[in-house]
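The values are calculated or read from the model by the stated rules, or taken from the named source; none is laboratory data. As the structure is a computational prediction, the values presented were derived from the model and not from experiment. Cβ sites come from the backbone with ideal geometry, for glycine too, and all protein chains shown count toward neighbours. Note: accessible area is taken over every heavy atom of the protein model, side chains too, but ligands, DNA and RNA are not part of it. Shrake-Rupley method; radii C 1.70, N 1.55, O 1.52, S 1.80 Å.
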Amino acid sequence: MAVGALRAIHEARLSVPEDIAIVSFDGLPLSAHASPPISTVQQSVHEIGSLAVETLIDILQNGTQPPRHIILPTQLIVRESSSKIRSK
């Protein structure tokens, strides 16, 4: 979605990050290779997958339980899509 937003911003003849900053929430490798590279909030895909499998196994073995709320750490990776301060 962030790459699509980047394209739409360019089509509107605006500039990233001078007119609009973009930050994604995914941490996908594509973000680093966009033009300009997109800032992102990243979570460990490995940890998300491991927790999903553990939760599924627990549900299969013990039945459904009340919803779980799991908070995973994130990391902000600042790249060129949001790193410049616009001056007036």
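Return one number: the angle in degrees, 0 to 90 and rounded to the nearest 10, between the long axis of the Cα atoms of helix 2-11 and the longest principal axis of the Cα atoms of the chain.
Once rounded, one gets 20 degrees.
Grab the DSSP H runs of the chain that are 4 residues or longer, score each as -39,500 (n - 2.57), total them, divide by all residues and round the 222 nm result to the nearest 500 deg cm²/dmol.
Per the formula, -11000 deg cm²/dmol.
Mark the label point 7 Å from the Cα of Ala12 along Cα→Cβ and return the residues of segment 19-59 whose backbone N is within less than 12 Å of it.
Under 12 Å, as judged by backbone N against the label point of Ala12, lie 19-22 of segment 19-59.
Which whole-number percentage describes the relative contact order of the chain, with Cα contacts under 8 Å and a sequence gap of 6 or more?
So the answer I get is 37 percent.
Note down the net charge around Ile38, summing +1 for each Lys or Arg and -1 for each Asp or Glu among other residues with Cβ under 10 Å from its Cβ.
-1
At 1.4 Å probe size, with the rest of the protein present, what percent of the exposed accessible area of the chain is carbon and sulfur atoms?
Heavy-atom surface of the chain belonging to carbon and sulfur, 1.4 Å probe: 60 percent.
I need the P(r) histogram for the chain: all alpha carbon pairs, bin width 10 Å from 0 out to the longest distance, whole percents.
Percent of pairs per bin, in order: 15, 35, 21, 17, 10, 2, 0.
Provide the per residue accessible area, probe 1.4 Å, for the chain, rounded to a whole number of square angstrom.
76
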